[in-house]
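*Asks:* One structure, pasted below without further comment.
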Amino acid sequence: MAMLTTTLTVALVGNPNTGKSTLFNALSGLRQRVGNYPGVTVEMKKGQFTSDGLTFELVDLPGTYSLAARSPDEMVAVDLLLGRRPEEPRPDVIVSIVDATNLDRHLYLTSQLLDLGVPVVVAVNMIDAAAAQGLTINYEKLSGALGVPVVPIQANNGTGLPQLIRTIRQTAENGKIPQPLEFPVAFNEIIAHITKELSDQVPPVLVRRLLLDVGGYVEHEFVAEHGKRLQQLLTKAREQLAAANCPVPAIEARTRFAWVRNAVAAAVTKPAQRPITWTDRLDAVLTHRLWGTVAFLAVMFVMFQSIFLWAQPLMDQIDAAREWLAQGVEDAMPPGPLRALLVDGVIGGIGSVLVFLPQILILFAFIAILEDCGYMARAAFLMDRIMSRCGLSGKSFIPLLSSVACAIPGIMATRVIENRRDRLATILVAPLMSCSARLPVYVLLIGAFIAKPGSPAWLPGLVLFAMYLIGFTVAPLVALALKRTLLRGAPPVFVMELPSYRRPKLTAILRRMFEAGKAFVIRAGTIILAAMIIVWALLYFPYTDANGESYPERIAQAEEAASANADRLKELHAIEQPTPEQQAELAQLEETASLADKLNGAWKRQSLLGRLGLWMEPVFEPLGWDWKIGVAAMASFPAREVIVGTFGLLYDVGDVDPGLVLDGSDEEGQAKVVSLTRAVQDEWAKDPIRGRYGVPVALSIMVFFALCCQCGATLAVIQRETRSWLWPAFTFVYMTTLAYLGAMLTFQIGRLMVG
Amino acid sequence: MPTLADLVCGQHAEVLAISGPPAFVQRIYELGLLEGERLELIAVAPLGDPIEIRLGNSRLSLRRSEAAHIDVRIIHAP
């Protein structure tokens, strides 16, 4: 056929868990890229390889049981196979990959592929598992029965791949279009009638799908185009078919499975007694009511423990590297806006992107292992009932649970959810789960206002628990509300295949980790970086005071003076009974030492963001906040924990690293945290509202941070995963509204209780 | 008539009829669950729902509400 070109386009199609991705990776190696399609969330992987001077362009279509498309996402695959996507060439050959141990079911999809008018090659995968089960397959007979070439392969060790490549090439060269299955006469007559009614050129396979898929995507598309008349025609046609004992959709299943059964009967010899497989033995434990639950809890515990245990040291190292780099740039460059942009905007921004990587990589290693070995579906099975209470399914459990560590990998993990509305609902509530970035905020405020001498020892723990509980209760409620309103629709089909257990492959796991990390850093990273730079600029400009003097310069001078006096200050501190002169000198030196922090505070207060905060103070008032708290909350837009550092700046104690709040081992850092705590307490004590209602105000801030979406990275990842700016905007607005109302309620109730 | 939702663990049955929303029926068919097929209930999730069935060499998980759409004949001696 199209043999003038030296490129062959090959589409890989198969059921989920057939080893399709393994075959794709084995054929294309590292030369892969991801294809995106406007309006849909599916990605298709494309790879390339050369054999005997011929270039093969491979497209890996998402795993599917059938060509009966019910959503735009599923339709992309059908359109691509029919050459209806303008950006993609029509495939020259379709490789239908099937599981040797389950030909009875997998060949159903193969039979649909024969309708497409494109040459088909069947690759029978996992031949060793079939042999282990005592199945003997005669591939020549199978090929004869199916009417297309059949190649036995073992994708995970490369067996049969050269033969497969040769067969693809030969099939493309002779260009033999397979014979579609014969349907009953009554069915064919009605198809002919509809084809005539449609009048324009429609591929025959789409006419079939139009008639067979009741309420399917093709029906929606065609009825929208041809009007109500087509709908009436279809309804009547289906009634006629039912009367002729060809009911839709049963007629398709009957016809195709009868054909499949004949082919399998001709080519496959099964043992008389079905042997007990490893999957049988494992499922007897892992989906057992009691043991299955115990095993599930153990798996989740190990997963969580690993994320916290292994990610934290790596995150600390990334932080240390960021500080080292920032210090290096600070030493090498003269002070000024450019240096500040590099240090606080760019290096700080890149650091805050990279710091998420350890969690993403570790979680994705687990997800890859759980999915590849077949356990993920069991986890969904075990958790389905609980999740059904909030309108979701078991598949949402692991993404939501992961969000307790961090919403970003959690949102990325929602790709396992095929149903679009369920996936969206899960993405939208994932940021409500109390992630680890909220912890510094909680610990700081609990330390300052709740854990006071005299208050009961259990109180801080209880408040912290309550903060986590907010996420755990609000997230399911919001999910339920979303599923009943915005994301309402016909209930999805929850029937799910529980694949056979398989040994996961290390290279496949590493590949998944690499892809997740890359996707996050490149796509989300750029957006996070931009958000960081904007907030930095809002806090940096203007950098001169009313007299036109530069704040950064004055701060640098003040710091120099302070460090020059540092030794003398230490000496004076060491004197037990200082003379009045020494006391005066001490006071003066201490003032010099704190001058830089005070200047920094003054600078931030008159920055653009500071002024905006002052102007917006009436908005914060119902929450019990002053403008400083408001500014700190707004400045934490790129990441929640930034509020700790901003508090430090605004309360004149200098920048405070949020990591120090949780790290008790660093003495100098602890001193800084204590001084921030004291500064906040002192300042609030002077204020009539916050002096009297310190605890309600602290709680109001905590509740705000429990519910808000002050996390640029999360919003960026939502944008990436939904391919739309609408959903991150929606998430930000609804969560900020919830946070505002929650904080207001907390403060107002607290105020009444304090009296 | 018993439905798939009435089976207990270890019971075998033959599918007699499938009803319900078109999308559900079609998906069930695509997974090879047709009238006349034989299946076995192999597990029930901790809270009693969903259920796991074996059908030839495939295993499927269905919610009870979905299983109730599938009429079966229980086979006592498979």
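*Asks:* Looking at (1) surrounded by fewer than 21 Cβ atoms within 10 Å (Cβ to Cβ); (2) in contact with an Asp or Glu (Cβ under 7 Å, 6 or more places away or on another chain); (3) at pLDDT below 85, can you tell me which one A:R420 breaks?
*Replies:* Among (1) surrounded by fewer than 21 Cβ atoms within 10 Å (Cβ to Cβ); (2) in contact with an Asp or Glu (Cβ under 7 Å, 6 or more places away or on another chain); (3) at pLDDT below 85, the lone unmet condition for A:R420 is (3).
*Asks:* Working carefully through the options A:A380, A:A365, find the one that is buried (at least 23 other Cβ atoms within 10 Å of the Cβ) and in the same structural domain as A:D319 (by TED's automatic domain parsing).
*Replies:* Values: A:A365 fails: buried (at least 23 other Cβ atoms within 10 Å of the Cβ).
None of the others qualify; the one that does is A:A380.
*Asks:* For the structure I just gave you, tell me whether A:G374 is in contact with a Leu (Cβ under 8 Å, 6 or more places away or on another chain), under 26 Å from A:I509 (Cα atoms) and without any contact (Cβ under 8 Å) to a residue 60 or more places away in the chain. Step through it out loud before you land on a result.
*Replies:* Numbers: in contact with a Leu (Cβ under 8 Å, 6 or more places away or on another chain): yes; under 26 Å from A:I509 (Cα atoms): yes; without any contact (Cβ under 8 Å) to a residue 60 or more places away in the chain: no.
Here the answer is no, as A:G374 does not meet what is asked.
*Asks:* Within the range A:691-724, take every residue that is over 15 Å from the mean Cα position of the chain (by Cα) and not in a helix (DSSP H, G or I) and give me the one that is surrounded by the most Cβ atoms within 10 Å (Cβ to Cβ).
*Replies:* Here is the first cut: in the range A:691-724, the ones over 15 Å from the mean Cα position of the chain (by Cα) are A:691-710.
Filter once more, so that each one left must be not in a helix (DSSP H, G or I): A:693, A:708-710.
Numbers: A:Y693: 21, A:C708: 24, A:C709: 23, A:Q710: 27.
Applying the filter and picking the extreme gives A:Q710.
*Asks:* Can you tell me which of (1) surrounded by fewer than 22 Cβ atoms within 10 Å (Cβ to Cβ); (2) touching a residue at least 12 places away in the same chain (Cβ under 8 Å); (3) farther than 30 Å from A:G750 by Cβ is the one A:S396 doesn't meet?
*Replies:* (1)
*Asks:* Just give me the residues in the range A:264-308 being in a helix (DSSP H, G or I), away from every other protein chain (no Cβ under 14 Å) and farther than 26 Å from A:I360 by Cα, in sequence order.
*Replies:* Correct list: A:A266, A:A267.
*Asks:* Now, a different point. Does the range A:706-720 include one or more residues that are assigned by TED's automatic domain parsing to the domain that holds A:A475, under 22 Å from A:I450 (Cα atoms) and of a type in the set (S, T, Y)? Working first, answer last.
*Replies:* As a first pass, look at the range A:706-720 and keep what is assigned by TED's automatic domain parsing to the domain that holds A:A475: A:706-720.
Restricting the remaining residues to those that are under 22 Å from A:I450 (Cα atoms) gives A:706-708.
This time we only want the ones that are of a type in the set (S, T, Y), so: none.
Checking the range A:706-720: not a single residue is assigned by TED's automatic domain parsing to the domain that holds A:A475, under 22 Å from A:I450 (Cα atoms) and of a type in the set (S, T, Y).
*Asks:* Please find, within the range A:80-138, the residue that is farthest from the other protein chains (Cβ to nearest Cβ) out of those that are of a type in the set (D, E) and under 16 Å from A:P178 (Cβ atoms). Give the steps one after another, and end with the answer.
*Replies:* Pass one, the range A:80-138, residues of a type in the set (D, E): A:87-88, A:92, A:99, A:104, A:115, A:128.
Then drop every residue that is not under 16 Å from A:P178 (Cβ atoms), which leaves A:92, A:115.
Working: A:D92: 27, A:D115: 15 Å.
Out of the qualifying residues, it is A:D92.
*Asks:* So A:L676 clears everything in (1) at pLDDT 90 or above; (2) over 29 Å from the mean Cα position of the chain (by Cα); (3) under 16 Å from A:V642 (Cα atoms) except one condition, right? Which one?
*Replies:* Unmet for A:L676, out of (1) at pLDDT 90 or above; (2) over 29 Å from the mean Cα position of the chain (by Cα); (3) under 16 Å from A:V642 (Cα atoms): (1).
*Asks:* Right, next: Could you tell me how many of the residues in the range A:371-388 are more than 10 Å from chain B (Cβ to nearest Cβ) and at pLDDT 90 or above?
*Replies:* Residues of the range A:371-388 more than 10 Å from chain B (Cβ to nearest Cβ): A:371-373, A:375-376, A:379, A:387.
From what's left, at pLDDT 90 or above: A:373, A:375, A:379, A:387.
Of the residues in the range A:371-388, 4 are more than 10 Å from chain B (Cβ to nearest Cβ) and at pLDDT 90 or above.
*Asks:* Select, from A:V98, A:V93, A:V76, A:V118, the only residue that is of a type in the set (A, V, I, L, M, F, W, C) and within 17 Å of A:A145 (Cβ to Cβ).
*Replies:* On the way: A:V93 fails: within 17 Å of A:A145 (Cβ to Cβ); A:V76 fails: within 17 Å of A:A145 (Cβ to Cβ); A:V118 fails: within 17 Å of A:A145 (Cβ to Cβ).
Selected residue: A:V98, the only one of A:V98, A:V93, A:V76, A:V118 that is of a type in the set (A, V, I, L, M, F, W, C) and within 17 Å of A:A145 (Cβ to Cβ).
*Asks:* Which count do you get for residues in the range A:112-129 that are small (G, A, S) and surrounded by 23 or more Cβ atoms within 10 Å (Cβ to Cβ)?
*Replies:* Filtering the range A:112-129 down to residues small (G, A, S) leaves A:117, A:123, A:129.
Next, only the ones that are surrounded by 23 or more Cβ atoms within 10 Å (Cβ to Cβ) stay: A:123.
Residues that pass the stated criteria total 1.
*Asks:* Sort out for me the helices (runs of 4 or more DSSP H) sitting completely within the range A:593-658 that have 1 or more residues that are at pLDDT 85 or above and either closer than 16 Å to A:M532 by Cα or among the basic types (K, R) (or both). Working first, answer last.
*Replies:* Numbers: elements: A:608-615, A:617-620, A:627-635, A:642-650.
Qualifying helices (runs of 4 or more DSSP H): A:608-615, A:627-635.
*Asks:* List the number of the failed condition for A:L211; all other conditions in (1) modelled with pLDDT of 90 or more; (2) touching a helix residue (DSSP H, G or I) at 6+ places or on another chain (Cβ under 9 Å); (3) closer than 30 Å to A:V151 by Cα hold.
*Replies:* (3)
*Asks:* Do any residues in the range A:709-721 that are under 10 Å from A:P431 (Cβ atoms) have Cβ atoms under 9 Å from those of residues that are basic (K, R) and assigned to a helix (DSSP H, G or I), where the two are at least six apart or on different chains, and which pairs are they?
*Replies:* Sorted first by the residue in the range A:709-721, then by its partner, the pairs are A:V717/A:R523.
*Asks:* Right, next: Give the residues of the range A:242-282 that are surrounded by fewer than 19 Cβ atoms within 10 Å (Cβ to Cβ) and touching a strand residue (DSSP E or B) at 6+ places or on another chain (Cβ under 7 Å), sorted by residue number.
*Replies:* Of everything in the range A:242-282, those that are surrounded by fewer than 19 Cβ atoms within 10 Å (Cβ to Cβ) and touching a strand residue (DSSP E or B) at 6+ places or on another chain (Cβ under 7 Å) turn out to be A:V268, A:T269.
*Asks:* I would also like to ask the following. Given B:R59, B:R54, B:R38, B:R64, which one is facing another protein chain (nearest Cβ under 7 Å), of a type in the set (K, R) and within 28 Å of A:Y501 (Cβ to Cβ)? Full working, then the answer.
*Replies:* Working: B:R54 fails: facing another protein chain (nearest Cβ under 7 Å); B:R38 fails: facing another protein chain (nearest Cβ under 7 Å); B:R64 fails: facing another protein chain (nearest Cβ under 7 Å).
Criteria check complete, one pass: B:R59.
*Asks:* How many of the residues making up the range A:569-601 are in contact (Cβ under 8 Å) with a residue 40 or more places away in the chain, small (G, A, S) and more than 23 Å from A:I701 (Cβ to Cβ)? Talk me through it step by step, then tell me what you get.
*Replies:* Initial filter on the range A:569-601 (in contact (Cβ under 8 Å) with a residue 40 or more places away in the chain): A:594, A:596-601.
If we keep only those that are small (G, A, S) as well, we get A:594, A:596, A:601.
If we keep only those that are more than 23 Å from A:I701 (Cβ to Cβ) as well, we get A:594, A:596.
Residues flagged as in contact (Cβ under 8 Å) with a residue 40 or more places away in the chain, small (G, A, S) and more than 23 Å from A:I701 (Cβ to Cβ) within the range A:569-601 amount to 2.
*Asks:* Residues of the range A:642-680 being of a type in the set (G, A, S) and surrounded by 23 or more Cβ atoms within 10 Å (Cβ to Cβ), which ones? Talk me through it step by step, then tell me what you get.
*Replies:* Keep residues of the range A:642-680 that are of a type in the set (G, A, S), which gives A:645, A:648, A:654, A:659, A:664-665, A:669, A:671, A:675, A:679.
A:G648 - this is the single residue of the range A:642-680 that is of a type in the set (G, A, S) and surrounded by 23 or more Cβ atoms within 10 Å (Cβ to Cβ).
The values are calculated or read from the model by the stated rules, or taken from the named source; none is laboratory data. If you're wondering where the values come from, they're calculated on a predicted model, not measured in any experiment. Methodologically, a virtual Cβ is constructed for each residue, glycine included, from the backbone with ideal geometry; neighbour enumeration extends over all protein chains shown.
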